Amino acid sequence: MKKIIFLILFIFQVVVAQERDALLEGLFEEEMTMEKQLLPQKMIFTQSLLWGKNGLFRKTGISKLSIENREKELKVRNVMLKSHQIIGYLTLAGMVAQGIMGGRLYNGDYELYDAHKTLGQWVTASYFTGAGLSLFAPPPLVKKRVKGFNSIKAHKLLAYVHFSGMIATNSWSKNDSELFPNVKKKDLHKYAAYTTFVSYATAVLVFKF
């Protein structure tokens, strides 16, 4: 009788242990699934660097991956992207003023040189501040895939153009170009500035409409 009772208890413990392991495994799989759902499958490098599953903020504990923290991050994202939009309009207005003064400088009105230079520094600072707000904003909860060409894709493609143009504009405002030795420095600066302005203005317009 004692052997039968011992055998029943042993079998019961084995079954309980298996159920416990199955439950823990299920909870682990559920946790992994939840982590995948909390983050989009694809993120840009700057977002993954900070906000990814193994990003800086996760490893340092600044913002652990959880539903509560993701809700907070989405609010931060909303503020950062709205600020990016406002700064974008201010930057565009500064570029317009820069273009007007730059045209007068190109025609020999050097009285505006200092104002043009100072405004250029402010435009550069505002441009890269706005870019940083977009690049380092927390990722959305789910990244929607939209088929075909749309305003968001156009906005992103134009960003490559005006980002490169902004770097070229600032570079050619200081040094003569070794790539185009027969072209005047001010011409290269002007062409880069116009390219930056047109692509930037277009990016703002397509995203707005």
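Here are the numbers:
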item	result
Residue within the range 124-141 that is crowded, with 19+ Cβ neighbours inside 10 Å and more than 21 Å from Leu157 (Cα to Cα) present	no
Criterion (touching a helix residue (DSSP H, G or I) at 6+ places or on another chain (Cβ under 7 Å) and within 28 Å of Val204 (Cα to Cα)) met by exactly one of Gly132, Gly102	Gly102
Condition check for Leu90: under 29 Å from the mean Cα position of the chain (by Cα), surrounded by 13 or more Cβ atoms within 10 Å (Cβ to Cβ) and without any contact (Cβ under 8 Å) to a residue 40 or more places away in the chain	yes
Per-region count, the range 59-71, residues among the aliphatic types (A, V, I, L, M) and either in contact with a His (Cβ under 9 Å, 6 or more places away or on another chain) or part of a loop (DSSP other than H, G, I, E, B) (or both)	2
Test set (1) surrounded by 13 or more Cβ atoms within 10 Å (Cβ to Cβ); (2) part of a loop (DSSP other than H, G, I, E, B) - Leu74 fails condition number	(2)
Test: residue in the range 131-149 that is polar (S, T, N, Q) and either closer than 20 Å to Met43 by Cβ or modelled with pLDDT of 90 or more (or both)	yes
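The values are calculated or read from the model by the stated rules, or taken from the named source; none is laboratory data. All values derive from a computational prediction rather than experimental measurement. Neighbour counts are summed over all protein chains in view; Cβ atoms, including those assigned to glycine, are modelled from backbone coordinates with ideal geometry.
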